[in-house]
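K.L.:
Right, I'll just put the structure down here and ask away after.
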Amino acid sequence: MSHIVTFKAQLVSLMDVLAKAAVRELSELIAKAGDGCFATLNLEMSSRFNEAAKKKLALMVDSELTVQLASIMELLTKEALEQIGKLVEESSAALHLEKSQSEKENEALKRKLQLMESQLSTVRGHKEGRALETPANRPSCSVGVQVGDEYRGVDIEPSSMEEETPPRQSAIMSGKLQSTDMEEDRPLLIKNTKPKTGLAEGDSQRGVQMSEANSVDTDASELLPAEDQYCEEAQITLTPAESQEEQEPQSIAAKLSSDLKDNCAQETFTTMKDMTNRQKMNETDGLRLRRLNRPQIITDESQEPQYKGTSTYSGKVFRVTLLTLGSLLLFPLLGVILLLESPIQPDVVSLNEPPLMTDTFEPNFKLRQAERLFEDQLVGPESIANIGDVLYTGTADGKIVKIEGKSIHVVATLGQPPCGSRDDEPTCGRPLGIRVGPNGTLFVADAYLGLFEVNPVTGEVDNLVSTRQMVGGRRLSFVNDLDVTQDGRKVYFTDSSSRWQRRDYLHLIMEATADGRVLEYDTMTREVSVLMDGLRFANGIVLCPDEESVLVAETTMARIRRVHVSGLNKGGMDTFVDNLPGFPDNVRRSSSGGYWVAMSAVRPNPGFSMLDFLSQKPWIKKLIFKLFSAEVLMKFVPRYSLVLELRENGSCRRSLHDPHGMVAAYISEAHEHDGHLFLGSFRSPYLCKLDLSQV
């Protein structure tokens, strides 16, 4: 087909060249003939026109004739090309049709040739097998055939086998050869059987009866009985490719006894004749009957295959190995589940569906504009305070440091070395919340050691409240955050739990124990009192502008509570904001009159929140803490960073996000100073500084 397309393209280009050449020749002839005409015309017009006008007129006439001739030749060329294209397409279609028909005929002839070769090889195999056979080693056989509801059997002796095909069998084969165009032959299956003693050899009624109950359209080949010379299972197919000469020495039907041949041949010949007449009638009427189930020859033994076991030694070894490995993994797991005691006894809590992250909660990348400060020089700067432009923070090694410009100075050390590991925290100390008092001193809440007042100039440390003392009948196990009144008289701080320490904060979150408290320290009397109890992980705290109440982050419940600390409502509590999109940590005042709230973890919606999912499934929480440590569980906490700015009424003003914690991760506090937001972290080794004018 490709050569036809190429020829067509070449023909088109050739016609185009010829058309252009014809136009060029006609133009030259017109120019030559026009010279004489224009000469005569020039003599007649010499008295009325000047030379310039005559030249202009001559050019106009010449150009008009040339254009008209070119357009006429172009139209003729297109018409010729279209006619040639149609002829080429018709020729190519005819060639393609002839080619496809030839391919089909070749394929049909090829299949017939292969079929004839396979049948010829089968016949030759039978010849070779019969040459080796002797009457002594030829066993006797019995064949049973079921026709309708009647079953008959016949014993065949080797001496009764004949070498020539009977006339009736030849007639049957000839009839088969004439009707093979209608349908494809199917093999007959005769199975080797043992002699049956219950059948009489001289029974004149023994023979073959074919079942007609399941067939309305049969052919002669399926009605022919067959038996191999070795009385083994044989499969013989009669096709048009087999000639009578090839079938005569190898015919399987000739091996049956004379009684069997007479009865079977007479019955099959009659059936074949009726079938041939029926097929001819159907072909004349243009009809074709649907082929139903074919008659089956049934022997006296079951033909169902005997399946043996497929089990092998390698399969057994594989199964044993697999079961052994499963047992080695399953039994220890069951032992852990049943025998080990869970370290937590979680409560069932109810959380509302997280708010959709739309409108003011819409995810963004504003926190990625932050700048990291003192990376790998500060570890876990959780809270930040400032005196002027000097920043102060506490680190994971129990130190209070001063950040001035680009340098870091240690102001004080609250605990005793060694520091740096989880087991060392109780003695080393872990400063968390930090505030500046009215007289320029620093008030620090240490998770393990208690409440401190630190002189930022001299480094002098005063332990105001020790965790060893009992407050309200319980010890202070997890001192978290604090705030100081403007006159410095009262210090309000949170004790997150009386059961769990800071290093076990994941246990506290998962257990959801309601043992968090808000406490008050009087700097004049040095007394500590409990203002509010029953909070689930009391965390960050901040005084309201009127100093009659404090806002407390209840981390496990994803809300902020308002506790009244003075005035007529002292001792009361209500909800400031509920169902936050994350679990709040520290709360700090903003320059707009609202509050900055840092989220230690988020509750994505849409998305999956593990803490929300497990809130009403305490048995899963127990199982998790039986199998995994806190360090492993922290790897499953998403590094999504989120900071909210709330208005005075608790509504959200804006949100700052870093979806994957690429710049700022594990944020614990947002401290605003001089138009910048300083971001602390409970585990990251750096501070972050964000220019609020850019977001």
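The values are calculated or read from the model by the stated rules, or taken from the named source; none is laboratory data. Computed from a predicted structure; not experimentally measured. In this analysis, Cβ positions are derived from the backbone assuming ideal geometry, glycine residues included, and neighbour counts consider all displayed protein chains.
K.L.:
Based on this model, can you work out whether ILE387 counts as modelled with pLDDT of 95 or more and either over 51 Å from the mean Cα position of the chain (by Cα) or among the acidic types (Asp, Glu) (or both)?
P.N.:
yes
K.L.:
Looking at this structure, is TYR492 in a helix (DSSP H, G or I) and either of a type in the set (Phe, Trp, Tyr) or not assigned by TED's automatic domain parsing to the domain that holds PRO438 (or both)?
P.N.:
no
K.L.:
Here's something else I'd like to know. Out of (1) modelled with pLDDT under 90; (2) within 25 Å of VAL401 (Cβ to Cβ), what's the single condition that is false for ILE667?
P.N.:
Only one criterion in (1) modelled with pLDDT under 90; (2) within 25 Å of VAL401 (Cβ to Cβ) is unmet by ILE667, namely (1).
K.L.:
Let me ask you something else. Regarding region 514-533, can at least one residue be identified that is acidic (Asp, Glu), in contact with a His (Cβ under 8 Å, 6 or more places away or on another chain) and assigned by TED's automatic domain parsing to the domain that holds ARG475?
P.N.:
no
K.L.:
Restricting the search to region 493-511, which residues are of a type outside the set (A, V, I, L, M, F, W, C) and surrounded by fewer than 23 Cβ atoms within 10 Å (Cβ to Cβ)?
P.N.:
Hits for region 493-511 are SER498, ARG499, GLN501, ARG502, ARG503, ASP504, TYR505, HIS507.
K.L.:
If we scan region 460-471, do we find a residue that is more than 21 Å from PHE678 (Cβ to Cβ), β-branched (Val, Ile, Thr) and either out of contact with any Phe, Trp or Tyr (no Cβ under 9 Å at 6 or more places or on another chain) or not assigned by TED's automatic domain parsing to the domain that holds VAL550 (or both)?
P.N.:
yes
K.L.:
Within region 537-557, does at least one residue satisfy the condition of being under 22 Å from GLY380 (Cβ atoms) and in a loop (DSSP other than H, G, I, E, B)?
P.N.:
Yes, there is a match, as at least one residue in region 537-557 is under 22 Å from GLY380 (Cβ atoms) and in a loop (DSSP other than H, G, I, E, B).
K.L.:
If we keep just the residues of region 632-647 that are without any contact (Cβ under 8 Å) to a residue 60 or more places away in the chain and surrounded by fewer than 19 Cβ atoms within 10 Å (Cβ to Cβ), which is nearest to SER421 (Cα to Cα)?
P.N.:
VAL632
K.L.:
Which ranges mark the strands (runs of 3 or more DSSP E) fully within region 558-631 that have 3 or more residues being without any contact (Cβ under 8 Å) to a residue 12 or more places away in the chain and either of a type in the set (Asp, Glu) or surrounded by fewer than 21 Cβ atoms within 10 Å (Cβ to Cβ) (or both)?
P.N.:
Result: empty, no element qualifies.
K.L.:
Confirm whether PHE613 is modelled with pLDDT of 90 or more, out of contact with any Phe, Trp or Tyr (no Cβ under 6 Å at 6 or more places or on another chain), of a type in the set (A, V, I, L, M, F, W, C) and closer than 24 Å to HIS671 by Cβ.
P.N.:
No.
K.L.:
Could you tell me which numbered condition MET524 fails, if it satisfies all but one of (1) surrounded by fewer than 18 Cβ atoms within 10 Å (Cβ to Cβ); (2) out of contact with any Ser or Thr (no Cβ under 9 Å at 6 or more places or on another chain); (3) in a strand (DSSP E or B)?
P.N.:
(3)
K.L.:
Now for a separate question. Looking at region 311-344, which of its residues are touching a residue at least 12 places away in the same chain (Cβ under 8 Å) and small (Gly, Ala, Ser)?
P.N.:
SER342
K.L.:
Okay, moving on. Just checking, does region 586-607 include any residue being touching a Pro at 6+ places or on another chain (Cβ under 7 Å) and basic (Lys, Arg)?
P.N.:
The answer is yes; a qualifying residue exists.
K.L.:
Can you name every residue in region 428-444 that is assigned to a strand (DSSP E or B) and either among the acidic types (Asp, Glu) or without any contact (Cβ under 8 Å) to a residue 60 or more places away in the chain (or both)?
P.N.:
Residues satisfying the conditions are PRO431, ILE434, ARG435, VAL436, LEU442, PHE443, VAL444.
K.L.:
Could we say that ILE667 is β-branched (Val, Ile, Thr), assigned by TED's automatic domain parsing to the domain that holds ARG561, touching a residue at least 60 places away in the same chain (Cβ under 8 Å) and under 27 Å from ALA370 (Cβ atoms) here?
P.N.:
So ILE667 fits the description; yes.
K.L.:
Looking at GLN486, GLN469, can you tell me which residue is in contact with a Pro (Cβ under 9 Å, 6 or more places away or on another chain), more than 19 Å from LYS399 (Cβ to Cβ) and either surrounded by 23 or more Cβ atoms within 10 Å (Cβ to Cβ) or polar (S, T, N, Q) (or both)?
P.N.:
Only one candidate qualifies: GLN486.
Let's see how each residue does on (1) touching a Ser or Thr at 6+ places or on another chain (Cβ under 8 Å); (2) under 26 Å from PHE452 (Cβ atoms):
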site	(1), (2)
THR494	no, yes
ASP533	no, yes
PHE537	yes, yes
GLY571	no, no
GLY593	no, no
PHE608	no, no
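K.L.:
Anything in region 426-449 that is farther than 22 Å from ASP487 by Cα and buried (at least 17 other Cβ atoms within 10 Å of the Cβ)? List them, or say none.
P.N.:
CYS428, GLY429, ARG430, PRO431, LEU432, ASP446, ALA447, TYR448, LEU449
K.L.:
Consider LYS621 against the criteria (1) among the charged types (D, E, K, R); (2) farther than 30 Å from ASP487 by Cα; (3) modelled with pLDDT of 95 or more: it satisfies all of them except one. Which criterion is unmet?
P.N.:
(3)
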